[in-house]
Amino acid sequence: MATPHRRAVGTLLSLFLALVAALAGASPSYAEDGYRYWNYSHLEGDTFEFAQTGPADFVPKDGDVEGWRFGTSTVSTGIEPRADLAEVSFDTVCGDTEAASGEKRVAVLVDPGVESDADGADVPAPYAECAVVPDKANGQQTLETVVDVRGDQGMICALDGYPAKGCGDPVGDAKVEADEASVAFTLPASAADQTSDTDTTGDDAAAADEESDSAVSWPLIAVLVIVVVLAAVAVPLYRRNRES
């Protein structure tokens, strides 16, 4: 029969082993290592899909939307442009752009990311461009028609000079943000010009109406004044001649 002393030791040993097991199960898992680079994705329906190939090995179709987002990601988890697809779509980016026979239109979204990935540099604002390229152009050729590309051994290092240095720098214990809020994108100049032209057309029409009104009204008023003056002079003269 176990003595009270032995039962106490056994109880303490059981508690110790349970505590060790609990601590082992609760030990923090290490974050996956990642890289800081331009992530490439394709719009599929209403969501971006992380590209499974490099841009030189993918051929977008007419009407496609290509996404580029700079920042920290891992091999298993990419990051996508933070675009509100109700505002930034193929129609809003390329809707007013025409393609000739043998060409295609591809909307290219460029999101330079956040300050935490900028190493102290100023982060450019996100923007979208419409690429008009030959039907057989791949993703990289499409990209190169709308932005300046700095690459190294097949990797896209910088778009329009951002970032100024580095290319796919490794990041230990990378943390990939999920469900990021959308941000505003600058649309192509053609879309802005169209809005501006519409406003200008309205202003020009109003000005033309004013000029038209002035062209008709002022001469008419002048003629009426002359008639009144002549009448004021002629009527007394006529009466005098009759009386005499």
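The values are calculated or read from the model by the stated rules, or taken from the named source; none is laboratory data. All of these numbers come straight from a predicted model, not from anything done at the bench. Cβ atoms come from the backbone with ideal geometry, glycine included; neighbour counts cover every protein chain shown.
Considering only the range 76-96, state which residues are surrounded by 13 or more Cβ atoms within 10 Å (Cβ to Cβ) and of a type in the set (Ser, Thr, Tyr).
Answer for the range 76-96, where residues must be surrounded by 13 or more Cβ atoms within 10 Å (Cβ to Cβ) and of a type in the set (Ser, Thr, Tyr): Thr77, Ser89, Thr92.
Which condition number does Met155 fail, the rest of (1) at pLDDT 95 or above; (2) more than 25 Å from Asp91 (Cα to Cα); (3) in contact with a Gly (Cβ under 8 Å, 6 or more places away or on another chain) being met?
Going through (1) at pLDDT 95 or above; (2) more than 25 Å from Asp91 (Cα to Cα); (3) in contact with a Gly (Cβ under 8 Å, 6 or more places away or on another chain) one by one, Met155 breaks only (1).
Given the criterion within 18 Å of Val183 (Cα to Cα) and of a type outside the set (Gly, Ala, Ser), identify the matching residue among Val65, Val59, Val75.
On inspection, the qualifying residue turns out to be Val65.
Got a sec? Which of Cys130, Cys167 is surrounded by 20 or more Cβ atoms within 10 Å (Cβ to Cβ) and in contact with an Asp or Glu (Cβ under 9 Å, 6 or more places away or on another chain)?
Cys130
Given the criteria touching a Cys at 6+ places or on another chain (Cβ under 7 Å), of a type in the set (Val, Ile, Thr) and surrounded by 14 or more Cβ atoms within 10 Å (Cβ to Cβ), does Thr72 qualify?
Taking the combined requirement at face value, the residue does not satisfy it.
Can you give me the ranges of the strands (runs of 3 or more DSSP E) entirely in the range 71-180 with at least 2 residues that are under 24 Å from Asp57 (Cα atoms) and in contact with a Lys or Arg (Cβ under 9 Å, 6 or more places away or on another chain)?
103-111, 127-134, 155-159, 169-171
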